[in-house]
Protein chains: 4
Amino acid sequence: MDKKFAECLQACLDCMKACNFCYDACLKEEHVKMMAECIRLDRECADICAFAAQAMTRNSPFIHQILTLCAEVCEKCADECAKHDHEHCQRCAEACRKCAEACKAYIEE
Amino acid sequence: MDKKFAECLQACLDCMKACNFCYDACLKEEHVKMMAECIRLDRECADICAFAAQAMTRNSPFIHQILTLCAEVCEKCADECAKHDHEHCQRCAEACRKCAEACKAYIEE
Amino acid sequence: MDKKFAECLQACLDCMKACNFCYDACLKEEHVKMMAECIRLDRECADICAFAAQAMTRNSPFIHQILTLCAEVCEKCADECAKHDHEHCQRCAEACRKCAEACKAYIEE
Amino acid sequence: MDKKFAECLQACLDCMKACNFCYDACLKEEHVKMMAECIRLDRECADICAFAAQAMTRNSPFIHQILTLCAEVCEKCADECAKHDHEHCQRCAEACRKCAEACKAYIEE
C-alpha cells in the first residue's frame with residue numbers, strides 16, 4: 001500500500017467520522033433550523049467518504065472518478081461547516097478540507 | 001422470484017423512498033427542532049432499507065437477520081413519524097409499517 | 001415527482017437488482033474464473049445504483065455528479081456483461097444500458 | 001469517545017479493509033471457483049462493517065442490534081477465510097475474528 005493511498009484512505013475514514021459526529025451533534029443543538037444545511041451536507045459527505053473507502057479497498061476500477069466526486073462533496077461540506085462556531089462544525093470543516101486535499105493528491109499521483 | 005420475496009423487496013424500496021422524501025422535507029420545515037428525531041430515524045430507516053434491498057437481491061446468507069433488524073428500525077421510525085401531522089410524515093409512517101409487515105411475512109415464510 | 005426523475009430512479013433500482021442477481025448467479029457458475037470481471041463490475045454497478053437511488057430520493061445537491069458517475073459505471077458493466085451468453089448477464093447488460101440512458105436523460109433535462 | 005467504542009470502531013474499519021483486500025485478491029486467483037464463497041462472504045462482511053462504522057459514528061439508536069449482526073457476519077466470514085491458505089484469506093480471518101470480539105465486547109459493556 002503506497003503512502004498516498006494510505007493517507008487518502010485514512011482521510012476518508014476520518015472525514016466520515018467527523019461528519020457523522022457533527023451530524024449527531026447538530027441534531028442535538030438548540031437551534032436546529034440554522035444547522036439544517038450542515039446536517040444535510042454532513043450526511044452527504046459521510047456517505048460518499050464511506051463509499052470511497054469501500055471503493056479504494058476493493059480496488060475499484062472507478063476510484064479516480066469516485067475520489068473526484070468525494071473531493072467536491074468534502075469542499076462543499078467544509079464551506080458550510082466553517083460558517084458555524086460550534087467545535088464539532090469547526091473540526092468537521094478541518095477533516096473535510098484535509099480529505100479533499102488527500103483525494104486530489106492521490107488522483108494526481 | 002416468489003411473491004413474498006417480491007413484495008418485501010418492493011416494500012423496502014418504497015420505504016427507503018418515503019423516508020428520504022420525509023428527511024428532505026423535515027430539513028425544510030419551519031420548526032426543524034421538533035423534527036430532529038424524525039430526521040434521525042428517517043436516515044436510519046432509509047439506510048437499513050437500502051442495505052436490505054441490496055442483501056435480498058444478492059442472495060445474502062444473512063437475509064433473515066437483516067430483515068429482522070429492518071423490521072425493528074421501520075417500526076421505530078413509523079412510531080416517530082406518526083406523531084407529526086405533516087403529510088410527508090404520515091406517508092412515511094405508512095410506508096414504514098407496510099415494510100415492517102412485509103419483512104416479517106417474508107421471514108416467517 | 002416529474003417523469004424523468006421517476007424513470008431514472010426506477011432504472012437505478014432495476015439495474016441494482018439485475019446486477020446483484022447476475023453477481024449471485026456468476027458466483028454459482030461452473031467457470032467462475034471467466035466471470036471474475038463480471039462479478040467485480042456487478043458489485044461496482046449495484047453499489048453506485050443503490051447510492052444514486054438514495055441520493056435522488058433525499059434530494060442530494062450532488063445528484064448530477066452522482067448520476068454522471070452512475071452512467072459511466074453502468075456502461076462499463078454493460079460492456080462486460082454483454083460478452084457473456086448467460087441469460088443473467090444478457091439481462092444485466094440490458095438493465096445497465098437502460099440505466100445509463102435514464103441517468104443521462106435526467107442530467108440533460 | 002470511550003475505549004471500547006474506539007476499539008470496536010477501529011476493528012470494524014480494519015475488518016472492512018481486510019475483507020475488501022481479500023475480495024479483490026480472490027477475484028485475481030487462478031482458482032476462482034474454490035474462492036466463490038470467500039468472495040461472497042468478503043462482500044457481506046465488508047458491507048456490514050462499513051454500515052456498522054457509519055452507525056457507530058452517527059450515534060445510531062440501533063447500534064447494539066447492528067453490532068450483534070456484524071459480529072455474526074464476521075464469524076461466518078472468518079470461518080470461510082480460515083479454510084484457505086492464501087495470506088490474504090488468513091489475514092482476513094484474523095481481522096474478522098478480532099472484529100467479532102470487539103463488537104461483542106462493546107455490546108456487553
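The values are calculated or read from the model by the stated rules, or taken from the named source; none is laboratory data. Values in this document were obtained by computation on a predicted structure and should not be read as measured data. Here Cβ is always computed from backbone atoms with ideal geometry, including for glycine, and neighbour counts include all displayed protein chains.
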#### Entry: Hits in the stretch D:27-51 - residues which are part of a helix (DSSP H, G or I), among the aliphatic types (A, V, I, L, M) and more than 18 Å from B:HIS64 (Cβ to Cβ)
D:LEU27, D:MET34, D:MET35, D:ALA36, D:ILE39, D:ALA46, D:ALA50
### Task
Would you check which residues across the stretch A:26-37 are more than 7 Å from every other protein chain (Cβ to nearest Cβ) and basic (Lys, Arg) and list them?
A:LYS28
### Query
Which of the residues belonging to the stretch C:38-79 are within 14 Å of chain B (Cβ to nearest Cβ), in contact (Cβ under 8 Å) with a residue 24 or more places away in the chain, touching a Leu at 6+ places or on another chain (Cβ under 9 Å) and over 16 Å from B:ARG43 (Cβ atoms)?
C:ILE48, C:CYS49, C:ALA52
### Message
Suppose we filter D:CYS89, D:CYS19 for residues that are under 14 Å from the mean Cα position of the chain (by Cα) and within 14 Å of chain A (Cβ to nearest Cβ); which single one remains?
### Response
D:CYS19
### Task
Specify which of the listed residues (C:GLU44, C:GLU80) is modelled with pLDDT of 95 or more, in contact with a Pro (Cβ under 8 Å, 6 or more places away or on another chain) and acidic (Asp, Glu).
C:GLU44
